2 protein chains.
Amino acid sequence: MRVLLVGAGGVGAAAVGIAARRDFYEAFVVADYDPQRARAAVAGHEGFLAAQVDASSAAAVAELCREHAITHVLNAVDPRFVMPIFDGAYQAGAHYLDMAMSLSRPHAEEPFSRTGVKLGDEQFAAAGRWLDAGRLALVGMGVEPGLSDVFARYAADHLFSRIDEIGIRDGGNLVVAGYDFAPSFSVWTTIEECLNPPVIWEAGRGWFTTEPLSEPEIFDFPGGIGEVECVHVEHEEVLLIPRWVDAQRVTFKYGLGKEFIDVLKTLHKLGLDRTAPVRVGGVSVSPRDVVAACLPDPAGLGDRMTGSTCAGTLVTGTGLDGRPRSVYLYHVVDNAWSMREYGSQAVVWQTAVNPIVALELLATGAWQGTGVLGPEAFDAVPFLDLLTAYGSPWQLREQ
Amino acid sequence: MRVLLVGAGGVGAAAVGIAARRDFYEAFVVADYDPQRARAAVAGHEGFLAAQVDASSAAAVAELCREHAITHVLNAVDPRFVMPIFDGAYQAGAHYLDMAMSLSRPHAEEPFSRTGVKLGDEQFAAAGRWLDAGRLALVGMGVEPGLSDVFARYAADHLFSRIDEIGIRDGGNLVVAGYDFAPSFSVWTTIEECLNPPVIWEAGRGWFTTEPLSEPEIFDFPGGIGEVECVHVEHEEVLLIPRWVDAQRVTFKYGLGKEFIDVLKTLHKLGLDRTAPVRVGGVSVSPRDVVAACLPDPAGLGDRMTGSTCAGTLVTGTGLDGRPRSVYLYHVVDNAWSMREYGSQAVVWQTAVNPIVALELLATGAWQGTGVLGPEAFDAVPFLDLLTAYGSPWQLREQ
């Protein structure tokens with residue numbers, strides 16, 4: 001296996017640190033638009049190569065793949081660049097993995113009840129080509145989507161005879177010292193997923209949308225995190241899980257907490273979430289990029305951060321014994337642990353470990369597949385076992 | 001009297017419409033950085049001249065004054081440009097009026113308890129020169145500061161034997177149809193005054209500061225406006241009134257309402273209130289300018305606006321009869337009225353009418369003075385009478 005990692009930001013750099021402790025690949029090239037950032041990510045890790053790439057150009061990605069005889073491209077940049085990297089990998093004959101899928105566009109007339117272009121639609125539209133070419137695009141293979149999808153498949157295979165609802169629940173209690181407000185993940189991506197119309201799936205009805213940040217509920221997270229306010233958010237799991245797992249309903253709720261929800265509502269109210277440029281004095285800028293520029297880079301906050309982050313899948317239905325059952329399968333990363341072990345803050349480490357586990361399963365042949373597939377298209381057990389072997393076990397709580 | 005109005009924004013354009021109905025001046029030149037905006041402000045008003053000026057240059061302001069033999073400069077741009085216009089008027093031998101004073105800088109170590117550079121300090125530092133030259137700088141002569149200061153002087157002269165507290169209270173119930181959020185006044189200025197440490201004056205203690213947006217209280221505004229949440233805000237009245245009016249305490253509370261207060265807190269938390277440029281992609285922009293660019297221009301919203309705005313002065317103390325008295329002196333402008341009569345929205349019209357009234361009092365000799373003086377340095381009665389004659393009466397409510 002010869003890997004090209006595109007994107008040496010927080011998640012990319014953490015992925016390098018995790019992969020550096022494994023030996024399932026023959027080559028590992030790390031490319032970024034900023035060559036200095038790529039060099040910084042590979043510094044101190046023997047055998048890793050740094051490169052420069054423009055991720056907005058499929059041709060540039062393909063050329064870099066050919067130059068290094070890449071077999072697998074791992075996309076670790078923000079979802080604006082999914083399609084060129086996905087297409088570039090295809091053009092070069094490589095397999096492809098990402099942690100977020102091609103972007104959605106709201107329904108023009110009824111954005112809060114009907115779906116428009118859905119997350120991943122552009123990628124699934126290419127599924128036939130990938131299948132015909134005998135190559136795999138493993139999409140949504142981070143922590144959420146990713147591990148959350150693996151949990152859904154595990155529940156369907158091993159815990160339930162019938163599933164009423166699969167509801168992803170993500171929350172944490174991370175606090176960053178010295179800042180009034182410091183998101184622990186890319187604010188660009190958080191705004192994107194939180195202010196788009198959230199999507200829900202129901203058997204017999206299919207996919208539909210609702211109001212952003214709607215149906216707040218308090219969820220009690222494990223790992224010492226406790227109660228956090230969760231709201232509906234647009235997320236890939238809702239688009240992926242129903243394609244491979246039999247459930248009556250699939251939802252995603254993000255434990256943003258009241259403060260973050262209020263911030264997002266205010267940004268939207270003021271138009272500061274917009275990506276289209278506005279004229280300011282003599283220049284044009286995207287307001288959302290200005291918001292991101294005003295906040296600290298979340299990848300660099302690990303040593304000021306305390307607390308844990310939890311990703312998990314709440315499954316409700318009928319157990320194998322025919323009785324009602326509700327289970328929360330989850331994975332907690334304590335920031336102190338990830339900083340001590342890997343020098344990465346908890347959220348980016350938790351995102352980065354999963355595609356590396358998946359790459360190793362593909363390298364060993366434990367996972368095999370062609371076409372555009374989600375994590376739930378594969379057997380969950382080898383994934384969960386290997387994740388545990390990486391030193392980061394998952395857990396299960398009966399509700 | 002030969003007037004140079006610097007700034008053809010919302011307030012400047014409204015001032016032209018008001019002055020156009022009076023005949024106390026021989027010349028009225030309207031200058032803006034954008035000559036098109038100056039031409040638009042004078043269009044349809046016979047005898048008004050449009051000009052271009054860089055308000056950040058005292059020399060450019062002085063040159064324009066000399067070119068037109070200006071006797072009085074009226075500053076209607078945002079307070080960043082107070083000092084060059086103030087200095088330019090002085091250099092050209094003109095008198096000067098403004099509606100906001102030179103900017104403050106917080107105390108470096110104890111911003112929320114001690115004053116640093118106060119509003120107007122730079123202007124008052126020049127008071128000796130203006131006095132020696134026999135020329136007048138009438139500072140803070142809009143509605144607030146301005147009319148609110150006139151009310152304070154009126155109360156001291158005609159209603160009270162002893163004043164315990166003079167507390168300005170500003171509020172409205174303006175709603176802009178079609179926008180989630182649309183401030184009715186310059187958001188740049190609103191952020192400046194609301195997020196700086198508010199200043200308070202007390203006899204025996206002098207000026208001191210407190211936390212931004214602190215001590216919320218519900219004030220019941222007249223004119224059909226009703227209850228609005230008011231908080232401490234940095235404002236010129238607190239710096240002006242104690243210099244000429246005897247009171248035990250002077251405060252300013254702005255009826256921002258809960259929604260606006262939350263927006264300001266969020267902008268501050270995210271660093272989006274900052275004026276210092278940040279790098280975004282290949283360009284540098286001031287985050288506060290981006291916020292302003294994302295919101296509609298308040299001057300252009302009059303025909304989508306409904307409701308009224310109220311400016312007033314709450315005075316508490318001992319009446320002339322020796323008994324406790326509390327009075328709210330106020331001025332309400334209904335947006336429907338100001339749009340119908342002048343084509344200006346209520347807030348900018350209410351700001352603009354007061355310096356025109358003051359200019360007319362100076363032209364007729366009813367007001368005379370030299371040095372750097374606030375509105376409360378002059379007899380309030382001719383001002384209030386002339387304001388009423390302009391068709392916009394003030395009122396008094398016993399509390």
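The values are calculated or read from the model by the stated rules, or taken from the named source; none is laboratory data. All figures in this text were calculated on a predicted structure; none of them were measured in a lab. Here Cβ is always computed from backbone atoms with ideal geometry, including for glycine, and neighbour counts include all displayed protein chains.
Rundown of residues vs (1) within 18 Å of A:His235 (Cβ to Cβ); (2) touching a helix residue (DSSP H, G or I) at 6+ places or on another chain (Cβ under 9 Å); (3) touching a residue at least 40 places away in the same chain (Cβ under 8 Å), yes/no style:
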residue	(1), (2), (3)
A:Asn75	yes, yes, yes
A:Ile85	no, yes, yes
A:Pro111	yes, no, yes
A:Leu119	yes, yes, yes
Response to the item:
Checked A:Gly322, A:Gly317, A:Gly312 against criteria (assigned to a loop (DSSP other than H, G, I, E, B), in contact (Cβ under 8 Å) with a residue 40 or more places away in the chain and closer than 30 Å to A:Leu396 by Cα); the one match is A:Gly322
Item to complete: Answer yes if at least one residue in the stretch B:3-15 is in contact with a helix residue (DSSP H, G or I) (Cβ under 9 Å, 6 or more places away or on another chain) and without any contact (Cβ under 8 Å) to a residue 24 or more places away in the chain, and no otherwise.
Response: no
Fill in: Segments classed as helices (runs of 4 or more DSSP H), wholly inside the stretch A:332-399, with at least 1 members that are touching a residue at least 24 places away in the same chain (Cβ under 8 Å), in the same structural domain as A:Asp297 (by TED's automatic domain parsing) and farther than 19 Å from A:Asp170 by Cβ
A:335-342
Discussion item. Is it the case, given these coordinates, that A:Lys258 is within 14 Å of another protein chain (Cβ to nearest Cβ) and more than 30 Å from B:Tyr33 (Cα to Cα)?
Written reply: yes
Item to complete: Taking the residues in the stretch B:279-289 that are under 24 Å from B:Val77 (Cα atoms) and either among the hydrophobic types (A, V, I, L, M, F, W, C) or under 21 Å from the mean Cα position of the chain (by Cα) (or both) as candidates, determine which candidate is farthest from the other protein chains (Cβ to nearest Cβ).
Response: B:Arg288
Response to the item:
Of the candidates B:Ala299, B:Ala276, B:Ala292, the one satisfying the condition of being at pLDDT below 95, within 14 Å of another protein chain (Cβ to nearest Cβ) and outside any loop (DSSP other than H, G, I, E, B) is B:Ala292
Discussion item. Cβ contacts < 8 Å: first residue touching a residue at least 24 places away in the same chain (Cβ under 8 Å), restricted to the stretch B:192-221; second residue part of a strand (DSSP E or B) and loosely packed, with under 15 Cβ neighbours inside 10 Å, any location; separation 6+ or different chain. Result?
Written reply: B:Phe219/B:Glu227; B:Phe221/B:Glu227
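Quick check: anything in the stretch A:64-76 modelled with pLDDT of 95 or more, over 20 Å from A:Tyr25 (Cα atoms), crowded, with 23+ Cβ neighbours inside 10 Å and touching a strand residue (DSSP E or B) at 6+ places or on another chain (Cβ under 7 Å)?
For the stretch A:64-76, residues modelled with pLDDT of 95 or more, over 20 Å from A:Tyr25 (Cα atoms), crowded, with 23+ Cβ neighbours inside 10 Å and touching a strand residue (DSSP E or B) at 6+ places or on another chain (Cβ under 7 Å): absent.
Somewhere in the stretch A:42-55, is a residue buried (at least 24 other Cβ atoms within 10 Å of the Cβ) and part of a loop (DSSP other than H, G, I, E, B)?
Pass one, the stretch A:42-55, residues buried (at least 24 other Cβ atoms within 10 Å of the Cβ): A:53.
When the remaining residues are screened for being part of a loop (DSSP other than H, G, I, E, B), the result is A:53.
Checked the stretch A:42-55: at least one residue is buried (at least 24 other Cβ atoms within 10 Å of the Cβ) and part of a loop (DSSP other than H, G, I, E, B).
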Worksheet item: Looking at the stretch B:221-230, is at least one residue within 19 Å of the chain's Cα centre (by Cα) and within 13 Å of B:Ile168 (Cα to Cα)?
Response: yes
Discussion item. Filter the stretch B:125-150 down to the residues that are crowded, with 22+ Cβ neighbours inside 10 Å and either touching a Cys at 6+ places or on another chain (Cβ under 7 Å) or in a helix (DSSP H, G or I) (or both) and list them by number.
Written reply: B:Trp130, B:Leu147, B:Ser148, B:Asp149, B:Val150
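Might you check whether a residue that is assigned to a strand (DSSP E or B) and crowded, with 22+ Cβ neighbours inside 10 Å occurs anywhere in the stretch B:262-273?
The first filter runs over the stretch B:262-273 and keeps only residues assigned to a strand (DSSP E or B), leaving none.
Within the stretch B:262-273, none of the residues are assigned to a strand (DSSP E or B) and crowded, with 22+ Cβ neighbours inside 10 Å.
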Discussion item. Just the residues that are touching a strand residue (DSSP E or B) at 6+ places or on another chain (Cβ under 8 Å), part of a loop (DSSP other than H, G, I, E, B) and surrounded by fewer than 22 Cβ atoms within 10 Å (Cβ to Cβ), please, taken from the stretch B:192-210.
Written reply: B:Ala203, B:Thr210
